[in-house]
Each structure stands twice: as structure tokens, then as C-alpha cells.
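Written below as C-alpha cells is the structure these notes are about.
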Amino acid sequence: MKTRVTVNGAAREAEVEPRMLLVHFIREALTLTGTHIGCDTTSCGACTVLLDGRPVKSCTLFAVQADGREIMTVEGLAQDGKLHPVQEGFHQEHGLQCGFCTPGMLMTSCALLKANPSPSEEEIRWAISGNLCRCTGYVNIVKSVQWAAKQMAAPSS
Ligand code: FES
Ligand code: FES
């Protein structure tokens, strides 16, 4: 089936089998390999992307369910060679070690800050509770999101 999406602002289309998972469509048909596959069973969140602005685990959907919709992946975060504040926050606060969970963490964090620009620590922990990290212990991830929230709230000079 022909599946058409807008991904990171660009129109893309590909012929896919109806059983193809969205994460495989993103990685294989669209060659956007920044989105990771950690489990394939909706547990780890490494495959999180934004679908029409909302975070989804892309191993949980079929590609055809995204037809006509807008996807944002980690590759779409940086603009004009400048990291997104959430990416910068993970850099500044050491919010990653191996980096495997990071694309999903970034997408979930972006969606959180869009919906709630000033989240409490509890709200951050709740928001990322579907994203597993086996390296960091989460403390620095929370700090990274807090760093980004402050940055995004600051008036731009
Ligand atoms: S690969 Fe999708 S939740 Fe783990
Ligand atoms: S940084 Fe390694 S899994 Fe999160």
C-alpha cells in the first residue's frame, strides 16, 4: 500500500506491506535510523516519535496508520545547525551515557515541554515513565529536561 507522510517537514511516500510497523517504515523506507528499536513490544520507548505532535511508540503502530499524518523524528529537532534546547539540555546535564534511549527520551521531553513548559520533577518523571534507560538512573535526564525548560522560558536575545 502506498503510504504518504510528512516527516520532519518534508513530504515522503513509500510502498509498504500493510503489516509493516511504523518504526520499520521510518528506519528502512525513510532511512531515518535515529529512531531506535529496543524491544519491539511497546516496553522501552526507544522508538518514540511524534505523530501529529503527540509522542507514540512507533513499534506499536502500523506504517499505514500514519498515512496522511505528520511525523517528527529526532532528526527533525535541530534547526539551521543549532541543537534543539532539549538536545542541548541533555548535552549540558549529561542526560545520556550509551545514548540508546536518547532519541525516544528527547521526543517525549519535547512533547512534554510543548504541553507543559514548566513541569515539576514529578511531572517530568511521569512523562518519561514509558521510556526506559538502563544507564543513567534518570537523575540527569530530569535535570536535562529542567535545563531545557529554563532555556525555552528565557526571553531570546
Ligand atoms: S522498540 Fe518500541 S517500545 Fe521498545
Ligand atoms: S543512556 Fe543508555 S539506555 Fe539510556
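The values are calculated or read from the model by the stated rules, or taken from the named source; none is laboratory data. Here the structure is a predicted model, which means the values were calculated and not measured. All Cβ positions, glycine included, derive from the backbone under ideal geometry; neighbour counts span all protein chains shown. Note: areas computed on protein heavy atoms with side chains; ligands, DNA, RNA excluded. Shrake-Rupley method; radii C 1.70, N 1.55, O 1.52, S 1.80 Å.
Do we find that residue 109 is of a type in the set (S, T, N, Q), at pLDDT 95 or above, under 16 Å from residue 144 (Cβ atoms) and open to solvent by less than 80 Å² (accessible area, probe 1.4 Å) in this structure? Steps first, answer last, please.
Values: of a type in the set (S, T, N, Q): yes; at pLDDT 95 or above: yes; under 16 Å from residue 144 (Cβ atoms): yes; open to solvent by less than 80 Å² (accessible area, probe 1.4 Å): yes.
Yes: the conditions hold for residue 109.
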Report whether or not residue 80 is at positive phi, open to solvent by 30 Å² or more (accessible area, probe 1.4 Å) and acidic (Asp, Glu).
yes
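Check 118, 129 and return the single one that is within 19 Å of residue 50 (Cα to Cα) and either among the acidic types (Asp, Glu) or open to solvent by 50 Å² or more (accessible area, probe 1.4 Å) (or both).
Numbers: 118 fails: within 19 Å of residue 50 (Cα to Cα).
Only one candidate qualifies: 129.
For region 129-151, how many residues are of a type in the set (A, V, I, L, M, F, W, C), within 16 Å of ligand 1 (Cβ to nearest atom) and touching a residue at least 40 places away in the same chain (Cβ under 8 Å)? Walk me through how you get there before you give the answer.
At the first step, the residues of region 129-151 found to be of a type in the set (A, V, I, L, M, F, W, C) are 132-133, 135, 139, 141-142, 145, 147-149.
Then drop every residue that is not within 16 Å of ligand 1 (Cβ to nearest atom), which leaves 132-133, 135.
Within this subset, residues satisfying the condition of being touching a residue at least 40 places away in the same chain (Cβ under 8 Å) are 132.
Going through region 129-151 one residue at a time, the tally reaches 1.
Do you know which residues across region 24-37 are of a type in the set (Val, Ile, Thr), more than 16 Å from ligand 2 (Cβ to nearest atom) and assigned to a loop (DSSP other than H, G, I, E, B)? Break it down into steps so the answer makes sense when it comes.
First pass over region 24-37, keeping only residues of a type in the set (Val, Ile, Thr): 26, 31, 33, 35, 37.
Okay, now just the ones that are also more than 16 Å from ligand 2 (Cβ to nearest atom), so 26, 31, 33.
Passing the criteria: 31, 33.
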Residue satisfying all of: in region 53-74; aliphatic (A, V, I, L, M) and under 18 Å from residue 17 (Cβ atoms); nearest to ligand 2 (Cβ to nearest atom) among these:
61
Here are some residues: 4, 19, 69. Which one is open to solvent by 10 Å² or more (accessible area, probe 1.4 Å), more than 19 Å from residue 108 (Cα to Cα), over 14 Å from the mean Cα position of the chain (by Cα) and touching a residue at least 60 places away in the same chain (Cβ under 8 Å)?
4
Taking into account only those residues within region 140-157 that are more than 12 Å from ligand 2 (Cβ to nearest atom) and among the β-branched types (Val, Ile, Thr), which is nearest to the chain's Cα centre (by Cα)?
145
What is the residue count in region 33-64 for residues that are in contact (Cβ under 8 Å) with a residue 40 or more places away in the chain, more than 23 Å from residue 127 (Cβ to Cβ) and surrounded by fewer than 20 Cβ atoms within 10 Å (Cβ to Cβ)?
2
Restricting region 85-108 to residues that are of a type in the set (S, T, N, Q) and more than 16 Å from ligand 1 (Cβ to nearest atom), the one nearest to residue 143 (Cα to Cα) turns out to be 92
Only residues in region 81-109 that are more than 12 Å from ligand 2 (Cβ to nearest atom) count as the first member; pair them with residues that are of a type in the set (Ser, Thr, Tyr), Cβ under 6 angstrom, at least 6 apart or cross-chain, and list the lot.
86/109; 89/144; 93/144; 107/48; 108/48
